[in-house]
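The structure appears below as C-alpha cells.
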Amino acid sequence: TATGGKQERWFRQKRKDRMKRGLVTIVGAALLVQLSFSGWHVLGGVALNGKNKVNPFVFALYRECGASVLMGMAALAEGKFRRLDARSAGLFLAAGLASFCNVVGTVVALTLISSDLYSTYQPTIPIFATAIALPLGYEKPNGWIYLGIAASVAGAILVEVLNMEASSGTILGNLLVVGQCLGGAALLVVTKPLTDDWSPLVVTFGYYTTGSFFTVIACLCARLPLRDFYWSAPEPWAALAYAVLIGTFFAYEMYSWLVQRASPTFIAAFCPMQPVFTILLNFVIFGQGLSSSTAAAGILVVLGLALTVYGKFVRDALPAKLEPRVPSTDSAVLVLEDGSSDATVAAPFHGAASQPRAYLPLPDQAPPSQEESKAQ
C-alpha cells in the first residue's frame, strides 16, 4: 500500500542517518589513532636517534610495562573479567605474539634501516590485513574499498619516497619490517573475534600484556647493561610518557574499540595516514619543508580514504526489510539484503504471520501512523 511504502522509505532513511552518525564517529576515532602514532614517530625519533638517544630495547620495555599497567587498571575498573575458555586463550596468545612481532620488529628494524625506509613499509598493513581477513570471512569484497586502499597506499608511499634519504639498509632490516607490518595486520584481524566475546578493554589488556611478557623475555636474553636502564636527559622521559599514555594506552584501546565496530580491513585502511600526519607534524613543530609534490601525494591519500569510507557506506547502507523468523509466530528479526540479521533493532510485533512484510521503528521513535501519512 501507499502507507506501507512511506513507512518503508521512512525506516530506510532513519537507518541510513543512524549509520552515517556511527560512521563519522568511527572515522574520527581512526584518524585520532593514526595521529597518535604519528606523534610517537616524531617524539620517538628524538628519544631513539637524538643526541640523548637511549637503548631502544629498554625504551620498548618501559613502554610495554607502563602501558600494560594502565590497561590492567582500566580493565579492572570496568569489571568485566570472567573465566577464560580455551578458544579465547588461543586467540589471546596469537594476538600477543602479533603484538610482540609488531613492537620488537619495530625496535630491531630501526637499528638496521633508516626511519624513513621503515615508514615506507607501513602503508602495506591494510594490504596484509585484507589478505588475512578475506579468507577468514571478516571482510566482504567491495570494489570501492579496495580502490580506496590502493590509492591511499600509493599516496603514502609517494609521501615517504619524496621525503626519504637514499638508504636501503640491510636485507635483515627490510625483512624484519615486513614481518612487523604482518604482525600489525594480523593483530587487527585476530582481535576481531575476541571483541565479539570480550569487552575492548579486556581484549587490549589481555593481548598487550601477553606481548609484553615476550618483550621482557627478549630483553633478558639480550643481557642489556644496567647503565642503559638509567636516563639522565629529560627528552627520553618525555617521549616515553607520550608513548605510554597516547601512543600505546589510548591508541591500542581505541583500536580494540574500532575493531569491535568495523572490519579489520576498514580500520587498517587508515594506516597510510601515518606518514602524512608525521610529515605535517615535522613541518609544524620543527619547521621542516613541505613540498608541493608531498602535498599532492597527501591529497591522494585523503582521496583514497574518502573512497574507502564511501565504499563502506555503500556496502552497509543496504535497504532493510523485516521478515518473520517463523511464519507461525509473532516475532521477527531484521533481515538485510545480504542475508545477515541486525538484532540491534529487532523487536516483537503483532500480525507477522498475516503480513508479507513489516517494518520495525527505531527504538526511540515510531513510524508515521496512517493518519499522519494521509495528512502528509
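Remarks
- Note on segment 47-82: among residues that are farther than 20 Å from Leu194 by Cα and among the aromatic types (Phe, Trp, Tyr), the one that is least open to solvent (accessible area, probe 1.4 Å) is Phe59.
- Any hit, segment 114-123, residues being open to solvent by 20 Å² or more (accessible area, probe 1.4 Å), touching a Cys at 6+ places or on another chain (Cβ under 8 Å) and closer than 11 Å to Leu188 by Cα: no
- Residue within segment 240-252 that is under 28 Å from Asp196 (Cβ atoms) and outside any helix (DSSP H, G or I) present: no
- Among the residues of segment 170-220, those that are farther than 16 Å from Leu97 by Cβ and either more than 22 Å from the chain's Cα centre (by Cα) or not in a helix (DSSP H, G or I) (or both) comprise Thr170, Ile171, Leu172, Gly173, Asn174, Leu175, Trp198, Ser199, Cys219, Leu220.
- Here is the figure for segment 255-270: residues that are in a helix (DSSP H, G or I) and of a type in the set (Gly, Ala, Ser) total 2.
- Long-range neighbours under 6 Å by Cβ, at least six apart or interchain, first residue within 14 Å of Tyr146 (Cβ to Cβ) within segment 262-273, second among the basic types (Lys, Arg): Phe266/Lys312
- Top-ranked residue of segment 190-210 - restricted to ones that are more than 20 Å from Ala86 (Cβ to Cβ) and either without any contact (Cβ under 8 Å) to a residue 60 or more places away in the chain or not polar (S, T, N, Q) (or both), ranked as surrounded by the most Cβ atoms within 10 Å (Cβ to Cβ): Tyr208
- Selection count where residues are open to solvent by less than 10 Å² (accessible area, probe 1.4 Å), closer than 24 Å to Leu201 by Cβ and not β-branched (Val, Ile, Thr), scope segment 228-262: 6
- Screening segment 1-120 for helices (runs of 4 or more DSSP H) wholly inside it with 1 or more residues that are closer than 24 Å to Ala222 by Cα and at pLDDT below 70 returns the ranges 2-49.
The values are calculated or read from the model by the stated rules, or taken from the named source; none is laboratory data. It should be emphasised that the depicted structure is a prediction, and the values quoted were computed from it without experimental measurement. Neighbour counts run over all protein chains shown; Cβ positions are idealised from the backbone, glycine included. Areas reflect the complete protein model, heavy atoms only, side chains present, ligands, DNA and RNA absent. Shrake-Rupley method; radii C 1.70, N 1.55, O 1.52, S 1.80 Å.
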